[in-house]
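Here, each number is a calculation from the coordinates, and none is a lab measurement. For clarity, every value in this text was computed on a predicted model and none was experimentally measured. Reconstructed Cβ throughout: ideal geometry from the backbone, glycine too, with neighbour counts over all protein chains shown.
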Amino acid sequence: MTDVTKVQQLDLNLLKVFESIYQEQNMSRAAEVLHITPSAVSHALKRLREYLGDPLFQRSNNRMLPTPACQRMAPQIIDNLTRLMQILQHWGEFQPHSSQHHFRLGIHYALEPSILPKLAKKLAEFAPNITFASVKVDRENLTRELGAGHIDMAFDVALPIKPPVLHTKLIDDEFCVMMRKGHPLEYHLTRSTYFNAKHIGVSNRPSGAGAEDILFQQQGLARQISIRCQNYYAAKTMLIESDFLLTVPYLLGKELMEGTRHDGCLSQVPMPVRLTNIETHLYWHKNTEHDEALSWFRQISVSLI
């Protein structure tokens, strides 16, 4: 059993030696990588063995092979060391062109097609070593996720949210209707034919109305959802050889129309019913307002629109 008191007193420099031995599997090569003497590596390994109560490595000819416990724990230790180095390297001035910062973005699934390609293109131009991850965040947990630093910022529709979460409007978009080319309603879509038609609804929630259906309900209206799916690209594919209609924000519809093997097979038609425009906002926590890296990323995000 590891002595907890000893671990709390652990010199973190020893973990860099551990990482090098694990990766190089050779004491001399580890010393070269760290720019220290083999004797210093050996001394560090001895101290680390005492701290952790495990031999960590067994010598086999000229190789240092990890023990089973070492093999099990090393990937987690190295991963956390990497994360720590990433955090420390961003302390102070932020240089986009050389930074290796990793951003975690809470993005509603419907916004990924219209935001992520533009964002990736912009980063490739101005910050080629920066990476990002798009993750799902429940709206009711948004303040907590931003406050805990689990995500750096979020993209979503306008939400009733208050400080310490701050936000700015990115997009004010209107709805449109998508259908296959040659659809009987392509040039004859009216309020009546819209509500008599069969529709595809898209939501990643197991139940409940979509954004557009909530707006319809506020007007005392309802449409016939024949198929409900989780993904707009799946919905788009189903449109090609059917008479279903798909209601989407205009910019999302434009992204779905472009750059696919179905390009030219679909039509975008104006809504025959007046719906309130759908707003997209960028959200961040007050604590990160003056962080250089996050301020820069917010500026990049705003410039996408």
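Quickly estimate the mean residue ellipticity at 222 nm for the chain, helices only: each DSSP H run with n ≥ 4 gives -39500 (n - 2.57), and the total goes over all residues, rounded to 500. Result for the chain, helices only: -12000 deg cm²/dmol.
Of all DSSP bridge pairs formed entirely within the chain, close to 60 percent run antiparallel. Loop-located GluC sites (Glu not before Pro) across region 219-279 with a Cβ neighbour count of 14 or fewer within 10 Å are Glu241, Glu258, with loop assigned by DSSP.
Eight or more residues apart or on different chains, and alpha-carbon atoms under 18 Å: count the Lys pairs in the chain matching that. Qualifying lysine pairs in the chain: 13. Translational diffusion of region 70-151 was estimated from the Stokes-Einstein equation, with Rh taken as the Kirkwood radius over Cα pairs; at 37 °C and 0.692 mPa s the coefficient is 222 µm²/s.
Distance between the 7 Å Cα→Cβ label points at Thr67 and Glu292: 4.3 nm.
Using only alpha carbons, the chain has a radius of gyration to Kirkwood radius ratio (Rg to Rh) of 1.14.
Computed over region 1-159, the quotient of the alpha carbon radius of gyration and 2.2 N^0.38 Å is 1.38. Each Lys and Arg adds +1 at its Cβ and each Asp and Glu adds -1 at its Cβ; summed about the Cα centre, region 175-276 shows a dipole of about 160 debye.
Kindly provide log₁₀ I(q)/I(0) values, in the same order as q = 0.10, 0.21, 0.23 Å⁻¹, from the Debye equation applied to equal alpha-carbon scatterers of region 175-276. Normalising to I(0) and taking log10 leaves -0.24, -1.14, -1.38. Taking the Cα centre of the chain as origin and assigning +1 to Lys and Arg Cβ atoms and -1 to Asp and Glu Cβ atoms, the resulting dipole is close to 520 debye. Taking the Cα atoms of region 4-89, the ratio Rg/Rh between the radius of gyration and the Kirkwood radius comes to 0.95. Dipole orientation for the chain: of the candidates Thr67, Gln9, His281, Thr67 has the Cα lying most toward the positive pole (charges on Cβ; Lys, Arg +1; Asp, Glu -1).
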